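Report on the following structure.
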Amino acid sequence: CADGLNTAGRALVRPPGPRLTEAIVTHAARRPVDAALAGRQHAAYVAALRSAGWRVGAVAPADDLPDAVFIEDALIVCGDLAILGRSGAAGRRDEVAGAEQAARELGLRIERIKEPGTLDGGDVLDVGDTVYVGRGARTNEEGICQLAHLLGGRKVVPVDISGCLHLKSAMTALPDGGLIGVPEMVDTSVLPCLRVVREPEGAHVVVLGPDHVLMSASAPRTAAQLAADGLRVTSVDIGEFEALDGCVTCLSVLVP
Ligand code: CIR
């Protein structure tokens, strides 16, 4: 990496399908979603990844599956291992087929979470030598145990979550590995420390490079704080996806 530009990594995305407006809403205030605007916002998100040096590949469409755009939940990549999730939302389980195909095309080893385990990629936060895994509606204890087994010697820390969909709805990590998020939504007793944000969308950071993060335009104060700390911050408007409980992390899978 040079100048904060990632020159080798790949990013997998899946453009929104025709049934996007039927996606699951659990926590956001339900409102109509503008599909055309969502398409433009997704294109701008992809452009931001490309500008940061990521080679973007599209996962095969899954037009019958409204939530398929949230590709992070179906596929977890750790090194050369791709783990296909098994969502706690049964209607999302068929999303893994296209994700598996994309992972194979990248030459990754494939493993999968099996019944009765459930696990969404949005609950998996890989930071340094630790993998934090949210325990909540989408990811159960069995899913966490299976993940820990698949990850071999990695340190896996379950984190109870409340009032949010996924762990990464509540907390993510900065390029230096520091955690950032909303303490009321996670069991902070198992975390080393958590930098507190007061904008909920400020909890969502995608690390684009050693000093570069992608954030939602819905968190301008957090973005300003991180910029004041010396980070380069790219902000994108993903409002139509936030209306469907999405965030910046869930729209891509980064394969460094
Ligand atoms: C769902 O409820 O599953 C989708 N509407 C939103 C998924 C967002 N995924 C994520 O943050 N990892």
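What follows is calculated from the coordinates using simple rules that are stated; it is not laboratory data. In this text the structure is predicted, and so the values were computed from the model without any measurement. Because the Cβ atoms are built from the backbone with ideal geometry, glycine has one as well, and the counts that use them run over all protein chains shown.
Which of the residues belonging to segment 191-217 are part of a loop (DSSP other than H, G, I, E, B) and either more than 27 Å from Arg10 (Cβ to Cβ) or touching a Ser or Thr at 6+ places or on another chain (Cβ under 7 Å) (or both)?
Matches in segment 191-217: Leu191, Pro192, Cys193, Leu194, Val197, Arg198, Glu199, His204, Val205, Ala217.
Hey, can you tell me all the residues within segment 56-82 that are over 14 Å from the mean Cα position of the chain (by Cα) and either aliphatic (A, V, I, L, M) or within 10 Å of the ligand (Cβ to nearest atom) (or both)?
Going residue by residue through segment 56-82, those that are over 14 Å from the mean Cα position of the chain (by Cα) are 56-66, 79-82.
Val56, Ala58, Val59, Ala60, Ala62, Leu65, Pro66, Leu81, Ala82 - these are the residues of segment 56-82 that are over 14 Å from the mean Cα position of the chain (by Cα) and either aliphatic (A, V, I, L, M) or within 10 Å of the ligand (Cβ to nearest atom) (or both).
Residues of segment 85-95 being under 21 Å from Pro16 (Cβ atoms) and either away from the ligand (no atom under 16 Å from the Cβ) or crowded, with 21+ Cβ neighbours inside 10 Å (or both), which ones?
Result: Gly85, Ser87, Arg92, Glu95.
Scan segment 186-208 and give yes if some residue there is in contact (Cβ under 8 Å) with a residue 60 or more places away in the chain and among the hydroxyl-bearing types (Ser, Thr, Tyr), otherwise no. It would help to see each step written out before you state the result.
Our first condition is that a residue be in contact (Cβ under 8 Å) with a residue 60 or more places away in the chain; within segment 186-208, this holds for 208.
Imposing the further condition that a residue be among the hydroxyl-bearing types (Ser, Thr, Tyr) reduces the set to none.
Taking every residue of segment 186-208 in turn, none turns out to be in contact (Cβ under 8 Å) with a residue 60 or more places away in the chain and among the hydroxyl-bearing types (Ser, Thr, Tyr).
In the list Leu12, Leu75, Leu37, which residue meets the criterion of being touching a residue at least 40 places away in the same chain (Cβ under 8 Å), touching a helix residue (DSSP H, G or I) at 6+ places or on another chain (Cβ under 6 Å), surrounded by fewer than 19 Cβ atoms within 10 Å (Cβ to Cβ) and not β-branched (Val, Ile, Thr)?
Values: Leu12 fails: surrounded by fewer than 19 Cβ atoms within 10 Å (Cβ to Cβ); Leu75 fails: surrounded by fewer than 19 Cβ atoms within 10 Å (Cβ to Cβ).
None of the other options fit; the residue is Leu37.
Just name the residue that is farthest from Gly163 (Cα to Cα) out of those in segment 96-125 that are loosely packed, with under 15 Cβ neighbours inside 10 Å and of a type in the set (D, E, K, R).
In this case the residue turns out to be Glu105.
Suppose we filter Arg30, Arg40, Arg50 for residues that are in a helix (DSSP H, G or I) and either in contact with an Asp or Glu (Cβ under 9 Å, 6 or more places away or on another chain) or closer than 26 Å to Pro200 by Cβ (or both); which single one remains? So that I can check it myself, show each step before the final result.
Values: Arg30 fails: in a helix (DSSP H, G or I); Arg50 fails: either in contact with an Asp or Glu (Cβ under 9 Å, 6 or more places away or on another chain) or closer than 26 Å to Pro200 by Cβ (or both).
Answer to the selection: Arg40.
Restricting attention to segment 7-26, does a residue exist that is more than 24 Å from Leu167 (Cβ to Cβ), out of contact with any Phe, Trp or Tyr (no Cβ under 8 Å at 6 or more places or on another chain) and more than 16 Å from the ligand (Cβ to nearest atom)?
Yes, there is a match, as at least one residue in segment 7-26 is more than 24 Å from Leu167 (Cβ to Cβ), out of contact with any Phe, Trp or Tyr (no Cβ under 8 Å at 6 or more places or on another chain) and more than 16 Å from the ligand (Cβ to nearest atom).
Could you list, ordered by first residue, the pairs with Cβ atoms under 6 Å in which the first is in segment 225-249 and without any contact (Cβ under 8 Å) to a residue 40 or more places away in the chain and closer than 18 Å to Ile180 by Cβ and the second is outside any loop (DSSP other than H, G, I, E, B) and among the small types (Gly, Ala, Ser), at least 6 apart or interchain?
If the second residue must be outside any loop (DSSP other than H, G, I, E, B) and among the small types (Gly, Ala, Ser), the pairs left are Val233/Ala223; Val233/Ala227; Ser235/Ala223.
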